[in-house]
Amino acid sequence: MTAEALSGIRVVDFTTGRCGGQATTVLADFGADVVKVEPPGGDRFRSLPSSPFWLRGKRTIELDLTDAVARAEAIKLASDADVCVVGGPASRLTSWGIDGAALTSVAPQLVHCTISGFGSIAPEWPGYEGVVAAHAGRMAGFGVQLGQDRPVFSALEVGTHMASQGAVHGILAALLQRTRTGRGDRVETSLLQGLMSFDLVDMLAWQLHTRDGRSFTPLRDMNPMPTLNYHPLRTSDGQWIQCGNLLEHLFLSFLDAIDLLGELLIDERYTGSPAVWSPDAIEEARDRILLRMQERTAEEWMQAFDANGNVAAEPILTTPQAILHRDIQHALVDVDDPVYGATTQVGPIARLEATPGRAQAQHDRDSSPAEAGVASTRADGTGPAGRPLDGVTILDLSTIIAAPLGMAMLADLGARVIKVEAFGGDPFRQLLIEGRMAVKTNAGKESLSVDLKSPDGQAIVHRMVAEADVLVHNFRGDV
């Protein structure tokens, strides 16, 4: 059997709940041996419906860390590992002796990861997503949805998810650095840092306002109506379709697919880019779009969009409906859970051809500390520390938000990221508030413009690929 990417890496997970659990599930999926340490009676979040996912692939033991003997066993377990993941208030971690300073002093090979609500130097407010979102301004930012001067609770725990992936990000970078230095490192992330990934406008705009006197309009104070590009649309059968036609050519393709493009083009109010249409023209176009969408069912419209081939739109589904979606089916795996039986779950987050990951069921909770003991794989490198990704060159052909933001995060860790853009630049540079959102997605990168549709441009990129370690794109497959 082919070895997995993290075979030989031993992880001890002291966290409870979904955030740390998701992080160590990713590590387990790619071959790490993960031992989850729970308090007597088990992780109190095991009752959550999502628990089979973030418990999978792990061995579990119970230790009462308020007891001195159990603490010594836990410290020994962590000291012999490659990675230790902890969560909760810093004062509690220190009292239990599993904080980063204590463990790395006795185990210099250890990669120690701390996940908290606000960071280790912040006040120890409860690290729950709602509390963090309130302090970070996320709830106030959604006030525009109600048209009222009060916050909105967001049920989707995006900060928790982002912090879990930030932990994976940091752990893998530290393990890579350890191959050069032979030394581990201390990694930290928080729900607050996770939420900051979603602030592409307000924080920068406020700094420019206070420093340079530029005008400042919070995102929440802009037009509360959805933009025509991103409009949710109700169909004749009462279903909803969410559009995402951010770029002009996608929006025009959408209008073409619903047979409105010709009607609008003959009206002089709709000449030029939709970005320069007058407010009255936009509202009339909105009304015509909403009425047109009432003429067919969601399935009929999706067939029309598929036939067009250049429309960004998806039906709004419940989670049970979503697992039947054709684009999600390929990401699902069946896992035989010891508690719930056969379950369908999202599989490993990436497909690696040479070292594929695999989702495995959680182990029964009957391991003693001795049975769960680990024998760490030591690193032999002796090079300088530097930043974790120093010496790694990434060729970034991606555009708009998700992939470019990910590459900016790798640049933060020391990678040399060369962004290849079309003539005129990534379209995201021109969008919304003087293109300020692109500051975050392009941070730390070098950039050049290349015509990838020309033979000369392709030749340039091929020469660059020969000297790069990583190539990233978010084009559709046929592109």
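Just a yes or no: is a residue in segment 50-58 more than 25 Å from the chain's Cα centre (by Cα) and of a type in the set (A, V, I, L, M, F, W, C)? Spell out the reasoning first.
Filtering segment 50-58 down to residues more than 25 Å from the chain's Cα centre (by Cα) leaves none.
For segment 50-58, residues more than 25 Å from the chain's Cα centre (by Cα) and of a type in the set (A, V, I, L, M, F, W, C): absent.
Does any residue in segment 185-213 that is touching a residue at least 40 places away in the same chain (Cβ under 8 Å) and open to solvent by 20 Å² or more (accessible area, probe 1.4 Å) come within less than 7 Å, Cβ to Cβ, of a residue that is in a helix (DSSP H, G or I) and charged (D, E, K, R) six or more places away or on a different chain, and which pairs are these?
Cβ pairs passing all conditions: 200/440.
Does residue 140 satisfy the condition of being touching a Phe, Trp or Tyr at 6+ places or on another chain (Cβ under 9 Å), small (Gly, Ala, Ser) and crowded, with 16+ Cβ neighbours inside 10 Å?
Working: touching a Phe, Trp or Tyr at 6+ places or on another chain (Cβ under 9 Å): no; small (Gly, Ala, Ser): yes; crowded, with 16+ Cβ neighbours inside 10 Å: yes.
Criteria not met by residue 140.
Looking at (1) among the aromatic types (Phe, Trp, Tyr); (2) assigned to a loop (DSSP other than H, G, I, E, B); (3) modelled with pLDDT under 90, find the lone condition where residue 423 falls short.
(3)
Can you name every residue in segment 443-466 that is surrounded by 14 or more Cβ atoms within 10 Å (Cβ to Cβ) and in a loop (DSSP other than H, G, I, E, B)?
443, 444, 450, 452
From 431, 410, 397, grab the single residue that is under 20 Å from residue 170 (Cβ atoms) and either surrounded by 18 or more Cβ atoms within 10 Å (Cβ to Cβ) or touching a residue at least 60 places away in the same chain (Cβ under 8 Å) (or both). I'd like the intermediate steps shown before the answer.
On the way: 431 fails: under 20 Å from residue 170 (Cβ atoms); 397 fails: under 20 Å from residue 170 (Cβ atoms).
Result of the check over 431, 410, 397: 410.
When the residues of segment 89-98 are filtered to those that are open to solvent by less than 30 Å² (accessible area, probe 1.4 Å) and not in a helix (DSSP H, G or I), which remaining residue is farthest from residue 38 (Cα to Cα)? Please lay out each step first, then the result.
Residues of segment 89-98 that are open to solvent by less than 30 Å² (accessible area, probe 1.4 Å), as a first pass: 93, 97-98.
Retained after the next criterion (residues that are not in a helix (DSSP H, G or I)): 97-98.
Values: 97: 16, 98: 14 Å.
That would be 97.
Confirm whether residue 101 is open to solvent by 40 Å² or more (accessible area, probe 1.4 Å), more than 20 Å from residue 23 (Cβ to Cβ) and in contact with a Gly (Cβ under 9 Å, 6 or more places away or on another chain). Please lay out each step first, then the result.
Numbers: open to solvent by 40 Å² or more (accessible area, probe 1.4 Å): yes; more than 20 Å from residue 23 (Cβ to Cβ): yes; in contact with a Gly (Cβ under 9 Å, 6 or more places away or on another chain): no.
No: the conditions fail for residue 101.
So which residues in segment 12-34 are in contact with an Asp or Glu (Cβ under 7 Å, 6 or more places away or on another chain) and among the hydrophobic types (A, V, I, L, M, F, W, C), if there are any at all?
Answer for segment 12-34, where residues must be in contact with an Asp or Glu (Cβ under 7 Å, 6 or more places away or on another chain) and among the hydrophobic types (A, V, I, L, M, F, W, C): 30, 34.
Filter segment 1-30 down to the residues that are among the hydroxyl-bearing types (Ser, Thr, Tyr) and assigned to a loop (DSSP other than H, G, I, E, B), then identify the one that is surrounded by the fewest Cβ atoms within 10 Å (Cβ to Cβ). Spell out how you get there, then give the answer.
Let us first name the residues in segment 1-30 that are among the hydroxyl-bearing types (Ser, Thr, Tyr), namely 2, 7, 15-16, 24-25.
Next, only the ones that are assigned to a loop (DSSP other than H, G, I, E, B) stay: 2, 7, 15-16.
Values: 2: 9, 7: 13, 15: 26, 16: 19.
Only one residue fits best here, namely 2.
Please specify each residue of segment 104-124 satisfying the condition of being within 24 Å of the chain's Cα centre (by Cα), over 30 Å from residue 179 (Cβ atoms) and modelled with pLDDT under 90.
If the condition is that a residue be within 24 Å of the chain's Cα centre (by Cα), over 30 Å from residue 179 (Cβ atoms) and modelled with pLDDT under 90, then 122 is the only one that fits.
Sort out for me the helices (runs of 4 or more DSSP H) sitting completely within segment 100-217 that have 2 or more residues that are within 21 Å of residue 84 (Cα to Cα) and touching a Pro at 6+ places or on another chain (Cβ under 9 Å).
Working: elements: 100-106, 129-136, 138-141, 158-181, 191-196, 202-212.
Per the criteria, 158-181.
Which condition number in (1) open to solvent by 40 Å² or more (accessible area, probe 1.4 Å); (2) of a type outside the set (S, T, N, Q); (3) within 22 Å of residue 275 (Cα to Cα) is the one that residue 314 fails?
Evaluating residue 314 over (1) open to solvent by 40 Å² or more (accessible area, probe 1.4 Å); (2) of a type outside the set (S, T, N, Q); (3) within 22 Å of residue 275 (Cα to Cα) leaves (3) as the failure.
How many residues are open to solvent by less than 20 Å² (accessible area, probe 1.4 Å) and assigned to a helix (DSSP H, G or I) when one looks only at segment 31-57?
4
Could we say that residue 333 is surrounded by 14 or more Cβ atoms within 10 Å (Cβ to Cβ), touching a helix residue (DSSP H, G or I) at 6+ places or on another chain (Cβ under 8 Å) and not aromatic (Phe, Trp, Tyr) here? Reasoning before the result, please.
On the way: surrounded by 14 or more Cβ atoms within 10 Å (Cβ to Cβ): yes; touching a helix residue (DSSP H, G or I) at 6+ places or on another chain (Cβ under 8 Å): no; not aromatic (Phe, Trp, Tyr): yes.
Against the criterion (surrounded by 14 or more Cβ atoms within 10 Å (Cβ to Cβ), touching a helix residue (DSSP H, G or I) at 6+ places or on another chain (Cβ under 8 Å) and not aromatic (Phe, Trp, Tyr)), residue 333 does not qualify.
The values are calculated or read from the model by the stated rules, or taken from the named source; none is laboratory data. This one's a predicted model, so the numbers in the text were calculated from it and none came from an experiment. Glycine also receives a Cβ, built like all others from the backbone with ideal geometry; neighbour counts cover every protein chain displayed. Note: areas computed on protein heavy atoms with side chains; ligands, DNA, RNA excluded. Shrake-Rupley method; radii C 1.70, N 1.55, O 1.52, S 1.80 Å.
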